[in-house]
1. So which of A:6, A:15 ends up being modelled with pLDDT of 95 or more and more than 14 Å from chain B (Cβ to nearest Cβ)?
2. Suppose we keep only residues that are more than 7 Å from chain B (Cβ to nearest Cβ) and buried (at least 20 other Cβ atoms within 10 Å of the Cβ) within segment C:44-63. Which one would you say is nearest to residue B:16 (Cα to Cα)?
3. Counting just the residues of segment B:214-246 that are within 14 Å of chain C (Cβ to nearest Cβ) and of a type in the set (Val, Ile, Thr), which one comes out nearest to residue B:271 (Cα to Cα)?
4. For residue B:171, state whether it is under 24 Å from residue B:53 (Cα atoms), in the same structural domain as residue B:264 (by TED's automatic domain parsing) and modelled with pLDDT of 95 or more.
5. Check every one of the strands (runs of 3 or more DSSP E) wholly within segment A:193-306 and list those with 1 or more residues that are without any contact (Cβ under 8 Å) to a residue 40 or more places away in the chain, in contact with a Ser or Thr (Cβ under 8 Å, 6 or more places away or on another chain) and not β-branched (Val, Ile, Thr).
6. Could you pull out every one of the helices (runs of 4 or more DSSP H) wholly within segment A:22-133 that has 2 or more residues that are in contact with a Gly (Cβ under 9 Å, 6 or more places away or on another chain)?
7. Listed residues B:57, B:61; which is charged (D, E, K, R) and away from chain C (no Cβ under 12 Å)?
8. Are there any pairs, at least 6 apart or on different chains, whose C-beta atoms fall under 6 Å, with the first in segment A:67-96 and in the same structural domain as residue A:56 (by TED's automatic domain parsing) and the second among the polar types (S, T, N, Q) and part of a helix (DSSP H, G or I), and if so, which?
Amino acid sequence: MADNTKAAEERVLMKGNEVLAEAAMRAGCRFFFGYPITPQTELAAYMAKRLPKIGGTFLQAESEVAAINMVYGAGAAGARVMTSSSSPGVSLKSEGASYMAGADVPGVIVNVMRGGPGLGGIQPSQSDYFQATRALGHGDYFMPVLAPSTVQEMADLIYLAFDLADEYRTPTMILADGMIGQMMEPVSLPPARDPKTLPTKPWATAGHKGERAHNVINSLYLSPEKLEDTNRERFERYEKIRATQQRQELMMCDDAEIVVVAFGAASRIARTAVRDARAKGIKAGLLRPITLWPYPTDAIDKVIDNGAKRFLSVELNMGQMVEDVRLAVAGRASVDFYGRTGGVLPTPEEVLAQIEALAEGRPVAPSAGGSATGSVLPAPIDRKSSYERGE
Amino acid sequence: MAKTNPVTLPDYQVERIGAQIGADETIVSARPHALSDAIFNYCPGCTHGIVNRLVAECIDELGIEGTTVGIAPVGCSVMAYDFFNCDMIEAAHGRAPAVATGVKRVHPENVVFAYQGDGDLASIGTAETVHAATRGEKITVIFINNAIYGMTGGQMAPTSLPNQVTQTSPYGRDVNSAGYPVRISELLSTLDGVAYVERVTCDSTAHIRAAKKAIKKAFQTQIDGLGYSMVEVVATCPTNWGMTPQAAFQWLRDNMLPYYPLGVYKDVVADGYANAAEAALERAKDCPIAQQNKED
Amino acid sequence: MARIIVDDVHCKGCGLCVSACPKGVLALDDERITPKGYHPAKLVDPDNCIGCSSCFITCPDVAITVVR
């Protein structure tokens, strides 16, 4: 990886979490502040090993709260900076994320999701969709949320995340899950950028050197009118993001009547199920949102124009993104949901069974492995605790 | 007070004040240039303003306004970002040391200071405070300890004295229930990353002069890269103590200073070390792993 | 001869300068009100001001300029 131009072409086998770290450094990130948590551990470990060797700073903070506020400080000082965590830790970062949004400080936050609520579990999950797209912290704001589904996308999307963060002066999130984070796949790494060649940030608080008026990074506005103006200006930026940054993958959607909507790890399972459905003659397609905020509503419009009659949102939670699907569909088609939660992954057969049910006009099964109506589900795996097993 | 020579008015006062100065008169003392013309949002007689001025004078005298980044807290000094002419960042409640860490790590050549009150530093931000100190973060923290939450209207602070009556300790701070005040200077002096900690006050011209000397030394400690530096200023809150500013000074002398004795709590240079790191190495001289030279 | 100039924009009439003055030459000016509504400090005994800057040092609003 020393020769960057070559590395851009060569494919290497890497773990998703490590790719996030490597691609972040290639995007010009030299500052990482984090706190240990499963299942994002490899990311921080990789940063700890590599960053000091390339003139960067890896700092294990005393808490997630401190880590995100260090990100706020480093971002305010003009650097490309990131933190990473997993669900419970991301809750702690919500304070700092809100301040970053309120003060227009760029930075990248990685959430390698695990099951919740509370301490939850450490298996893959998508249970933080709401938190990421709606409310990572208090106040009136959004932030771009990118959802990789392959190790390659871990590289591509974190690279993009730094650009979006700087361009729109906003915190930006990578919403991955334990499955993509832990899996190894071949990946082409993006070219390395020298942080010195990145665009300068005239607003940064790096010392005025007597050359300009003092810069202030701040989210406090005691005048309601000023606060309203500031929020309006920020939402104008959000509109630009909505207009230009929606990203998705459409598979077999040109003539699809049943469109499965899934992101991240769930989309990998859904992809197989859609292919299997096609093999059975069902006109199914896959719409995979890559940006969860802004939500790819234009793509939903498109597949409806193409003739989609039924949508099935497949998620690793109890039904969160399905609300965005319903909002985007706006009554023009039916919207159903199928999900597994707690770290349980659905099988492609399970998802296929739901597609078949929709094709035959039957209801989909209740979520999370409950008794199926008219579909064949594998028996729930015995997940008794050691206490329940009497061990 | 040692002033930059000759003392000049900041630009915004040239018309307003300068016009009243005769051609044969010279300025002895004036607003420091690192202070803006913004009117402090502090109550009349609040000692925050004195300490704000001392910080600005130190910035002027060290000639560091252009390389200084200040971090404002949440509390009465929340709007400090408006008061100083250096670059400023407003932090979340208690997080100023973490924000300062982020800035300092990106720009080690900058001078970074956090200005915090007792609720901010010693309650909600204790973790950030202790860990920035123990990391030996090369930042300077100015800590205003006036034993009360001022901005929210006079609640019990982590540094409120035993039996002190506040809005949330209406019968006096009951140590059996609310515990004891946190003595931050003493606490931080035990940490290896700390180069310099001094507790000062601002109830008299002599004490204010001493406070300025300490603040300047704390900045110099950072500039010299010796380690973490903090100055605790025992201060008043006339409004929420329910006293005149003059009576508040007397209450400070009678009650605060016996509980929070003034003095230098750590000064690695005075102790004969080059910096905090060298002092830390000596303290752990019997620990083999701590003695390993990383460069080897 | 030394004297002080009080910046009415900043003075909040707290009186700390009055108590800090070793010569007792300052008072709050009951005749005047600042734009913020305070009675500002005033040098009432100019002959005895020694220009020691005690008032400046104690002033929490940095409203005083000392000249000589």
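The values are calculated or read from the model by the stated rules, or taken from the named source; none is laboratory data. On a predicted model such as this, the values are computed, not experimentally measured, just so you know. Counting neighbours? That spans all protein chains shown, and the Cβs are built from the backbone with ideal geometry, glycine included.
1. Working: A:6 fails: modelled with pLDDT of 95 or more.
One residue alone meets the criteria, A:15.
2. First, the residues of segment C:44-63 that are more than 7 Å from chain B (Cβ to nearest Cβ): C:44-50, C:52, C:55, C:59, C:63.
Still in the list and also buried (at least 20 other Cβ atoms within 10 Å of the Cβ): C:49, C:55, C:59, C:63.
Details: C:49: 22, C:55: 20, C:59: 18, C:63: 12 Å.
Ranking the candidates gives C:63 first.
3. Top of the filtered list is B:215.
4. Criteria not met by residue B:171.
5. Details: elements: A:248-251, A:258-261, A:284-289, A:291-293.
Once the strands (runs of 3 or more DSSP E) in segment A:193-306 are filtered for at least 1 residues that are without any contact (Cβ under 8 Å) to a residue 40 or more places away in the chain, in contact with a Ser or Thr (Cβ under 8 Å, 6 or more places away or on another chain) and not β-branched (Val, Ile, Thr), what remains is A:284-289.
6. Working: elements: A:41-50, A:64-76, A:87-103, A:129-133.
Counting at least 2 such residues, we get A:41-50, A:64-76, A:87-103.
7. Details: B:57 fails: away from chain C (no Cβ under 12 Å).
Matching residue, one of B:57, B:61: B:61.
8. So the pair list comes out as A:70/B:101; A:96/A:69.
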